[in-house]
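In what follows, a structure is listed as structure tokens, so that the remarks can point back to it.
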Amino acid sequence: MPLSSPSQPNNTGSIKLSFHGANQAVTGSCHLLEAGGLRIVVDCGLHQGGRDADERNAAPFGFDPSSVDVLVLTHAHLDHCGRLPLLVKRGFKGRIVCTEATRELARLVLLDAAHLQEEEAQYQQRKLQRRGENRDAPVLYSVVDALRSFDCFAPGLAYGEAHALNNSVSVTLHNAGHILGAASAEFQIQTEQGARRILLSGDIGPQHPALLLPPKPPGQCDVVVMETTYGDRLHRPLQPSIDELYQVIEETWHRGGNVVIPTFALERAQELLNVLRMGVEQHNIPRGMQIFLDSPMAISATEIFKRYADQFCEPVQAMLTRGEDPFSWSGVHNLRESSQSQALNQIKSGAIILAGAGMCNGGRVRHHLRHNLWRPACAVVFVGFAAQGTLARRIIDGARTVHLFGEEIPVAAQVHTINGFSAHADQADLLTWHAATGKPMDTVLVHGESAAMNALAERLPNTTVHRPEQGDELRI
Ligand SMILES: [Zn+2]
């Protein structure tokens, strides 16, 4: 089926997919499916990174938000849900369909994002005033817009439960194994030519995740739209990464320093807490080490995680079912107040500090870097993706000094990058996932840089591969 540039509105009876974000890129996911008289958007994420991200976020969606009937949200990461309040602000009045865990996590993520948007607008406003300009700085969306978007959420769907959107279209969410609540969305569409099954992957987790159950896509599909973030590489296995983390902690303990781990609040923080708990139980981490979760968002997310015992791998599931807490024990301190975070500055040794943001482009971790990065006894451990241009990337790439709060801070701490903790499938995992979807006639690659996409495309046999540009359409 040919991929084409935008054309006329869709006739009822045919099926059309069009692509409005995360095309040849990894952020801003947004796809429009027109079928059975419905206009269905899958994901509405924020563009992140790059100089023009603000501009792209504020640009028109490529479709009329008021004409959209249903939004299916695959998971609560900001690059998949972050423009939902903007969609509502611009006229969307339909319902939002996702799993219950995604609904809860998206609430947390969107309130935080709206709060940051408001702060940024206030900062820009002060700049305008200093220049003597008497006009409002634009805000992408406010906390009120985020609250309005929560009114659109339908009750959460369970994995595997078919949900009728009208007489001819239904959607079923399948575990994507990426973060808690993450789903691939399967649409079953009745047409004059018979039933069609179209699957949009969302983000796909690894086959051997640290905390969750592995992805479980449905069987035979006609068309698959899939992410390709790591389509060109293989991850290091998880266990050597865990062992390396324990070793870094032990060495830092003996040197008399602290371990700072820049941490994403969703999934990575909970994975690390679980790994650290196992390390303490198995005597791989010195008992005296104190662990500080210095992130209000990660603390709230962890509370949500504990409500979904059945979504975790067996040992964690068993603990939660017994009423035990895999994410907290006597050595863990949850710091919500900023005064508690500041008090950490006095601790010179024996602390493991988990703080956001994961890429160090904001958040409390910058304060901990200021107090620990210059000390040779300390260690900074990166366990997540670090985009070009972020502070995390500069440190990983070997910067000798960095600027923090107007000061030049020498990088004297031990810097480690441990790569085995990915929440994304690698190339082998993506191929396994794709093989489980049968032999789809068409496979559309999204959510990846072109090198990753091309490498994966070469390994997908017996399917027509598409790599859409922004605004392209596929008729089915
Ligand atoms: Zn994601």
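Give me the residue from the stretch 37-56 that is farther than 18 Å from Ala357 by Cβ and surrounded by fewer than 22 Cβ atoms within 10 Å (Cβ to Cβ) and, out of that set, nearest to the ligand (Cβ to nearest atom).
Top of the filtered list is Arg56.
So that you can scan it fast, the table gives a plain yes or no per residue for (1) out of contact with any Phe, Trp or Tyr (no Cβ under 8 Å at 6 or more places or on another chain); (2) crowded, with 19+ Cβ neighbours inside 10 Å:
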position	(1), (2)
Ala158	yes, no
Ala164	yes, no
Val171	no, yes
Ala185	yes, yes
Thr191	yes, no
Pro206	yes, yes
Pro217	no, yes
Thr228	yes, yes
Asp243	yes, no
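Those residues that are more than 16 Å from the ligand (Cβ to nearest atom) and surrounded by 19 or more Cβ atoms within 10 Å (Cβ to Cβ), I need them from the stretch 68-88; list them, please.
Val68, Val70, Leu71, Pro85, Leu86, Leu87, Val88
Kindly indicate which of Pro60, Pro65 is away from the ligand (no atom under 16 Å from the Cβ), farther than 17 Å from Val223 by Cβ and surrounded by 19 or more Cβ atoms within 10 Å (Cβ to Cβ).
Just one listed residue meets the conditions, Pro65.
Every residue in the stretch 316-341 that is assigned to a loop (DSSP other than H, G, I, E, B), under 27 Å from the mean Cα position of the chain (by Cα) and over 23 Å from Pro286 (Cβ atoms), please.
Passing the criteria: Arg336, Glu337.
Take the stretch 267-301 and flag every residue that is in a strand (DSSP E or B) and either more than 12 Å from Ile249 (Cβ to Cβ) or modelled with pLDDT under 95 (or both).
Phe292, Leu293, Asp294
Could you check the stretch 342-429 for strands (runs of 3 or more DSSP E) lying wholly inside it with 3 or more residues that are within 18 Å of the chain's Cα centre (by Cα)?
none
Could you list all residues from the stretch 399-427 that are without any contact (Cβ under 8 Å) to a residue 40 or more places away in the chain and either open to solvent by less than 50 Å² (accessible area, probe 1.4 Å) or acidic (Asp, Glu) (or both)?
Ala399, Val402, Leu404, Glu407, Glu408, Val411, Ala412
Out of (1) away from the ligand (no atom under 16 Å from the Cβ); (2) in contact (Cβ under 8 Å) with a residue 60 or more places away in the chain; (3) touching a His at 6+ places or on another chain (Cβ under 9 Å); (4) part of a loop (DSSP other than H, G, I, E, B), the odd one out for Pro209 is which?
Of everything listed in (1) away from the ligand (no atom under 16 Å from the Cβ); (2) in contact (Cβ under 8 Å) with a residue 60 or more places away in the chain; (3) touching a His at 6+ places or on another chain (Cβ under 9 Å); (4) part of a loop (DSSP other than H, G, I, E, B), Pro209 misses just condition (1).
Kindly list, by first and then second residue, each pair from a residue in the stretch 58-87 that is under 16 Å from Ala146 (Cα atoms) and in a loop (DSSP other than H, G, I, E, B) to a residue that is among the basic types (Lys, Arg) and within 11 Å of the ligand (Cβ to nearest atom), limited to pairs with Cβ atoms under 7 Å and residues at least 6 apart or on different chains.
As it stands, the answer is none, since no pair meets every condition given.
Could you pull out the residue among Ala101, Ala106, Ala114 that is assigned by TED's automatic domain parsing to the domain that holds Ala22, away from the ligand (no atom under 16 Å from the Cβ) and either open to solvent by 20 Å² or more (accessible area, probe 1.4 Å) or not acidic (Asp, Glu) (or both)?
Ala114
Let me spell it out: the conditions are (1) touching a helix residue (DSSP H, G or I) at 6+ places or on another chain (Cβ under 9 Å); (2) not assigned by TED's automatic domain parsing to the domain that holds Ile396, and Ile409 meets all of them except one. Which number is the exception?
Unmet condition: (2).
The values are calculated or read from the model by the stated rules, or taken from the named source; none is laboratory data. The shown structure was predicted, so the numbers you read here are calculated from the model rather than taken from an experiment. All Cβ positions, glycine included, derive from the backbone under ideal geometry; neighbour counts span all protein chains shown. Heavy atoms of the whole protein, side chains included, go into the accessibility calculation; ligands, DNA and RNA do not. Shrake-Rupley method; radii C 1.70, N 1.55, O 1.52, S 1.80 Å.
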